[in-house]
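The values are calculated or read from the model by the stated rules, or taken from the named source; none is laboratory data. Quantities reported herein were computed from a predicted structural model and do not represent experimental measurements. Here the Cβ is made from the backbone with ideal geometry for all residues, glycine too, and neighbour counts use every protein chain on show. In case anyone asks, the SASA skips ligands and DNA or RNA and just uses the protein heavy atoms, side chains included. Shrake-Rupley method; radii C 1.70, N 1.55, O 1.52, S 1.80 Å.
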Amino acid sequence: MPTGHGTVSLGGAIATAAVAAVGWTLAYFLTGWREDRTKRLQLELEHASEQIREFYAPLAALTDQLDSTADVYDRVIEGKSEEERDALSGLFYARFFLPIHEQINEILKKKVHLLEGPTPPKSFTYYFQHYATEKAYWNLRGEGKDVSNVVIPPYPSEFYWDVRKDYHAVLQRYEDTLQELRQRRWLFNFLEVSTSRARAIGRGLRKWRLKRAKKEPSPPA
């Protein structure tokens with residue numbers, strides 16, 4: 001009767017095949033999960049980059065310009081008469097404030113899809129009210145219309161801070177996403193090297209078993 005040699009060899013082959021199958025299955029799902037998560041991170045990175053470049057960075061710069069222009073205006077009208085202040089107000093609005101407001105308005109109209117969060121802050125609505133009313137006031141006044149009953153809502157200071165709050169949130173998300181992508185690249189490079197080495201070891205073991213099987217004498221019948 002044959003000894004257990006054939007049974008042992010067959011069992012070893014089955015065990016090797018099972019381990020290989022589990023390894024390939026795990027690698028398949030791991031690769032799929034990795035690629036899916038990496039694509040999501042890349043999309044997140046691209047979106048945050050567009051938010052920064054096209055929406056929040058320009059708004060932050062323009063609101064800084066508004067603040068600086070307002071400081072200059074306050075210094076210029078200091079000590080002036082009511083009539084001089086009125087004339088300077090119209091001059092500053094037409095030459096300095098309006099061009100900045102027009103740029104801000106253009107961004108808010110065309111890039112609203114880059115807004116952080118599902119709804120805009122209330123300060124955005126207050127800003128539109130200020131911008132629209134002030135523009136109507138000076139345009140009508142320039143045409144000689146009676147605007148004595150028009151009350152211009154003040155420029156909302158919350159608008160300045162809401163822009164920066166969401167700007168910083170987007171910047172943080174961009175940095176976090178970039179950091180995760182870098183860590184994942186290192187991790188999966190390590191896993192790929194480890195998997196490659198494990199496969200090489202498996203191939204070496206199979207060759208060693210084959211050589212050993214050839215050298216061992218066949219069991220007697």
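Structure summary
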| item | result |
| --- | --- |
| Answer residue from segment 96-152, given it is among the polar types (S, T, N, Q) and in a helix (DSSP H, G or I) and is farthest from residue 162 (Cα to Cα) among those | 139 |
| Cross-chain or 6+ apart pairs with Cβ under 9 Å, segment 148-170 first and touching a residue at least 60 places away in the same chain (Cβ under 8 Å) and over 17 Å from residue 66 (Cα atoms), then polar (S, T, N, Q) and open to solvent by less than 60 Å² (accessible area, probe 1.4 Å) | 166/51; 167/51; 170/51 |
| Residues that are open to solvent by 40 Å² or more (accessible area, probe 1.4 Å), among the charged types (D, E, K, R) and touching an Asp or Glu at 6+ places or on another chain (Cβ under 8 Å), drawn from segment 130-184 | 173 |
| Matching entry among 51, 103, 42 (being open to solvent by 80 Å² or more (accessible area, probe 1.4 Å), modelled with pLDDT of 95 or more and of a type outside the set (D, E, K, R)) | 103 |
| Qualifying residue in segment 113-128 (condition: under 31 Å from the mean Cα position of the chain (by Cα), among the basic types (Lys, Arg) and at pLDDT below 95) | no |
| Single residue of segment 74-85 satisfying the filter (within 45 Å of the chain's Cα centre (by Cα) and surrounded by fewer than 12 Cβ atoms within 10 Å (Cβ to Cβ)) that is nearest to residue 135 (Cα to Cα) | 74 |
| Candidate set from segment 54-73 (those that are farther than 13 Å from residue 167 by Cβ and open to solvent by 40 Å² or more (accessible area, probe 1.4 Å)); member that is nearest to the chain's Cα centre (by Cα) | 65 |
| Unique residue being touching a residue at least 60 places away in the same chain (Cβ under 8 Å), surrounded by 14 or more Cβ atoms within 10 Å (Cβ to Cβ) and of a type outside the set (Lys, Arg) when the list is 88, 98, 114, 108 | 114 |
